[in-house]
Amino acid sequence: MDIDKRISCLNSETKILICLMLEDQKLSLPQIVSKIQKDSNKKVNRETIYRSIESLRDIGIVGKDYFPDERKIKYFLKIKKIELDFLKKKIIFNEGK
């Protein structure tokens, strides 16, 4: 994957907030929207949050699972650490356990 695409995907405060929220829990889209609104004290657009999550999924930072018993899709953080290797010109995503 293109290094520029991965770096530019993380240039948003909203995307960073989403990653921090998903650090140790799986959350649905409405839960993420609610937490962002509560933490920032401002209204956020659900579609904007969805697009941010999907762009994080596209580069492999966020994953999603379907929970049939709750009938919900929940998102989770797939990686725990991002390293920039300037000598090898690559970004290393380390998956968490």
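Figures for the structure shown
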{"quantity": "Exposed GluC sites (Glu not before Pro) absent: longest stretch of the chain, with sites in DSSP loops and at most 15 other Cβ within 10 Å deemed exposed", "calculated": "24-69"}
{"quantity": "Range of Cα positions in segment 17-97 per principal axis (Å), largest first", "calculated": "43, 32, 20"}
{"quantity": "Loop sites in segment 30-59: trypsin sites (Lys or Arg not before Pro), DSSP, at most 16 other Cβ within 10 Å", "calculated": "K42, K43"}
{"quantity": "Subset of K26/K78; K26/K90; K43/K72; K35/K64 violating a 20 Å alpha-carbon distance limit", "calculated": "K26/K90; K43/K72"}
{"quantity": "Gaussian network model of the chain, springs between alpha carbon atoms under 10 Å - residue of I18, I73, I49 with greatest fluctuation", "calculated": "I73"}
{"quantity": "Residue-span extension gain [S40 to K80] - 0.36 nm each, minus C-alpha spacing", "calculated": "12.0 nm"}
{"quantity": "Stretchable slack from T48 to S12, in nm (0.36 nm times residue separation minus alpha-carbon distance)", "calculated": "11.8 nm"}
{"quantity": "Only Lys, Arg (+1) and Asp, Glu (-1) charged, at Cβ; the chain dipole about Cα centre in debye", "calculated": "100"}
{"quantity": "Sparsely packed chymotrypsin sites (Phe, Trp or Tyr not before Pro) within the chain, loop by DSSP, other Cβ within 10 Å at most 10", "calculated": "F86"}
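Every number in this text was worked out from the coordinates using simple rules, so none of it is lab data. What you are looking at is a predicted structure, and each value in this text was computed from that prediction instead of being measured. Backbone-built Cβ (ideal geometry, glycine too); neighbour counts: all protein chains shown.
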